[in-house]
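**Student:** Below is one structure. I have some questions about it.
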Amino acid sequence: MTDEMLRAPAEVKYADELDWLESVDDSPKPFSWRLSPRMVRLFVLGSEPADGLDREIPQKWFGDRGFVERSIVTLASDRGLLLIGDPGTGKSWLAELLSAAISRNSTLVVQGTAGTTEDHIKYSWNVSMVIAKGQSREAMIPSPIMTAMERGVIGRFEELTRSTSDVQDALISILSEKYVSIPELDDDNIVFAQPGFSIIATANSRDRGVNDLSSALKRRFNFVRIPVVTNKRSEAEIVRFRTTELLRRHQIELELPPTLLDVLLQSFADLRAAAASATSDDERLESALSTAEQIGVLEDAILHGQFFGDRTLSAQTLAGSLVGSLARRSPEDLAILNKFWHGVIEPRSKKDTGAPWQEFLEGGREAIAKLS
């Protein structure tokens, strides 16, 4: 089944693992949860020998254990959970994993945008059925959030601060009252949330000021702030994990050279340091320089090598992918990258005379010249 999907949701991708965890789970479960809080944590963070399981559970989200535990406790209390952080910190992936483990359904999602309306979080109508038979429960189209309420499972709201204040206000009543009224109907006109219903929302900390959350809505959520991964070892684990998945999806057999991964991680670390020391936005790349963007650069370089190269990953191709991915503004970003290549990459290539840095230097110079 997963082979027929471009990207299988977590509950499908890890169905066998979730089935096994459920079969050995003898701990108390809140509400209608499929797994106990302990097993939810194991599913997300992976197992250890001390857990005493007969099967190893791989780690799927890389971050502080405390963030995961607080998220699980919040959902067990039936409060809303708001995961907030910079782009690429894994907020949506954590929300998907938690929903998959708790409800075995992570697809009840509303995507917050400027065009999101109250209908998207409550309900709309099948116009042809309304014309034929009038308004009824059968003619009503429940939103993903209303469906989650009726089933007693987790609903997700992505990019909450991208939605307008009207939509956010409608969410307040759902979180506080736990029901939705349908004034168009005379009978059966209230949908009550079943035990187990909750909402996991995500918000980009860089969107502050777009549509700030009201104090009333903030009170309905427990906040868990997901920081940018700064530990090089942890970031390497994330990149390896996601890249392995991408290679499997593309059916590519390739060993990721550790030296090239080090070059990529070090380059991003140096770019972040340069951005932190910049005195104005004009001296910073538009990119957030997130772990997710590193993975994107690596995937781009791997696929380029597979389709147009010798089916290997080279430092020159990696440099070209990095420049091409991060040079979003022209000429501003190109000027920043050119300065970085001369001031940071070139000295590194002279200090470390090994092939990766020298080839990386040349590949970046060539890519910058082509785009200038």
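The values are calculated or read from the model by the stated rules, or taken from the named source; none is laboratory data. None of the values given here were measured: they were computed from a predicted structure. We place every Cβ from the backbone using ideal geometry, glycine too, and count neighbours over all the protein chains shown. Surface areas here come from the heavy atoms of the whole protein model, side chains and all, with no ligands, DNA or RNA. Shrake-Rupley method; radii C 1.70, N 1.55, O 1.52, S 1.80 Å.
**Student:** Note down the magnitude of the dipole of segment 211-323 about its Cα centre, charges +1 on Lys and Arg C-beta and -1 on Asp and Glu C-beta and zero elsewhere, to the nearest 20 debye. Walk me through the intermediate numbers first.
**Tutor:** Working: 13 positive and 16 negative charges, 145 e Å.
Result for segment 211-323 is approximately 700 debye, rounded to the nearest 20.
**Student:** Residue by residue through segment 95-105, which ³J(HN,Hα) values in whole Hz follow from phi under the Karplus form 6.51 cos²θ - 1.76 cosθ + 1.60 (θ = phi - 60°), with glycine and proline marked x?
**Tutor:** 3J(HN,Hα) across segment 95-105, in whole Hz: 4, 5, 5, 4, 5, 5, 6, 7, 10, 6, 7.
**Student:** Name the residue from Val40, Gly63, Thr74 whose Cα lies farthest towards the positive end of the charge dipole of segment 29-82, charges +1 on Cβ of Lys and Arg and -1 on Cβ of Asp and Glu.
**Tutor:** Highest projection toward the positive end goes to Thr74.
**Student:** May I pose another question? With the Cα gyration tensor of segment 1-97 giving a ≥ b ≥ c as the square roots of its eigenvalues, does the rule (a/c under 1.5 for rounded; else a/b larger than b/c for prolate; else oblate) give rounded, prolate or oblate?
**Tutor:** rounded
**Student:** Mind giving me the FRET efficiency for Gln194 and Asp119? R0 is 25 Å, r the Cβ-Cβ distance, nearest 0.05 is fine.
**Tutor:** Numbers: r = 22 Å, r/R0 = 0.87.
Calculated transfer efficiency: 0.70.
**Student:** Here is a follow-up. Given a 1.4 angstrom probe, I'd like the percentage of the accessible area of the chain that is carbon and sulfur, rounded to a whole number.
**Tutor:** Working: 9050 of 18370 Å².
Looking at the chain in its full context, I get 49 percent from C and S.
**Student:** Right, next: Taking the chain as the reference, fit the longest principal axis to its C-alpha atoms, fit the long axis of helix 232-249 to the helix C-alpha atoms, and give the angle between the two in degrees, 0 to 90, nearest 10.
**Tutor:** So the helix axis and the longest Cα principal axis differ by about 70 degrees.
**Student:** Quick check: the angle from helix 65-76's long axis to the longest principal axis of the chain, C-alpha only, nearest 10 degrees?
**Tutor:** Once rounded, one gets 20 degrees.
**Student:** Note down the net charge around Leu108, summing +1 for each Lys or Arg and -1 for each Asp or Glu among other residues with Cβ under 10 Å from its Cβ. Walk me through the numbers on the way to the answer.
**Tutor:** Numbers: positive: Arg151, Arg156; negative: none.
Within the 10 Å Cβ shell, the charges total +2.
**Student:** Okay, moving on. Suppose R0 equals 35 Å; then what is the FRET efficiency for Val12 and Leu371 from their Cβ-Cβ distance, rounded to the nearest 0.05? Can you show the working numbers first?
**Tutor:** Details: r = 40 Å, r/R0 = 1.13.
FRET efficiency, Val12 to Leu371: 0.30.
**Student:** With springs only between Cα atoms under 10 Å, which of Asp282, Asp64, Asp19 fluctuates most in a Gaussian network model of the chain?
**Tutor:** Highest fluctuation of the listed residues: Asp282.
**Student:** Could I ask something else about it? Report the local net charge at Arg365: Lys and Arg +1, Asp and Glu -1, summed over other residues whose C-beta lies under 12 Å from its C-beta.
**Tutor:** That sum, taken over residues with Cβ under 12 Å, equals -3.
**Student:** At what distance in nm do the modelled label points of Gln135 and Val228 sit from each other, each positioned 7 Å from its Cα along Cα→Cβ?
**Tutor:** Once both label points are built, they end up 4.9 nm from each other.
**Student:** Now, a different point. For the chain, treating each Cα as an identical point scatterer without solvent, what Debye log10 I(q)/I(0) comes out at q = 0.09, 0.10, 0.15 1/Å?
**Tutor:** Cα-only, vacuum Debye calculation for the chain: -0.63, -0.76, -1.30.
**Student:** How large is the accessible surface per residue of the chain, computed with a 1.4 Å probe and reported in Å² as a whole number? Don't skip to the answer; put the middle values down first.
**Tutor:** Details: 18370 Å² over 372 residues.
Accessible surface, normalised per residue, equals 49 Å².
**Student:** Follow-up question, since we're still on this one. Run the helix sum for the chain: -39,500 (n - 2.57) per DSSP H stretch of 4+ residues, divided by residue count, reported at 222 nm to the nearest 500 deg cm²/dmol.
**Tutor:** Working: 16 runs with 181 residues, N = 372.
It lands at -15000 deg cm²/dmol.
**Student:** Here is a further query. Give the residue from Gln194, Ile226, Ser27 lying farthest towards the positive end of the charge dipole for the chain; charges sit on Cβ (+1 for Lys and Arg, -1 for Asp and Glu) and the dipole is referred to the Cα centre.
**Tutor:** Ile226
**Student:** Could you give the dipole magnitude of the chain about its Cα centre, charging the beta-carbon of Lys and Arg +1 and that of Asp and Glu -1, in debye to the nearest 20?
**Tutor:** Values: 43 positive and 55 negative charges, 144 e Å.
For the chain, the charge dipole is close to 700 debye.
**Student:** Only four residue types carry charge here, +1 at the Cβ of Lys and Arg and -1 at the Cβ of Asp and Glu. Report the dipole size of segment 267-372 about the Cα centre in Debye, rounded to the nearest 20. Could the numbers behind the result be given before it?
**Tutor:** Values: 11 positive and 16 negative charges, 37 e Å.
Dipole about the Cα centre, nearest 20: 180 debye.
**Student:** Can you give the relative contact order of the chain as a percent, counting alpha carbon pairs under 8 Å and 6+ residues apart?
**Tutor:** On the way: 561 pairs, mean separation 57.3, N = 372.
Averaging sequence separation for qualifying contacts and normalising by length gives 15 percent for the chain.
**Student:** Just need the relative contact order of segment 102-218 here, percent rounded to a whole number, with Cα pairs under 8 Å and 6+ apart. Intermediate results must be reported in sequence, preceding the final value.
**Tutor:** Numbers: 203 pairs, mean separation 36.1, N = 117.
It rounds to 31 percent for segment 102-218.
**Student:** Hey, another quick one. Using label points projected 7 Å from each Cα along Cα→Cβ, tell me how many nm separate Glu150 and Ser280, to one decimal.
**Tutor:** Once both label points are built, they end up 5.6 nm from each other.
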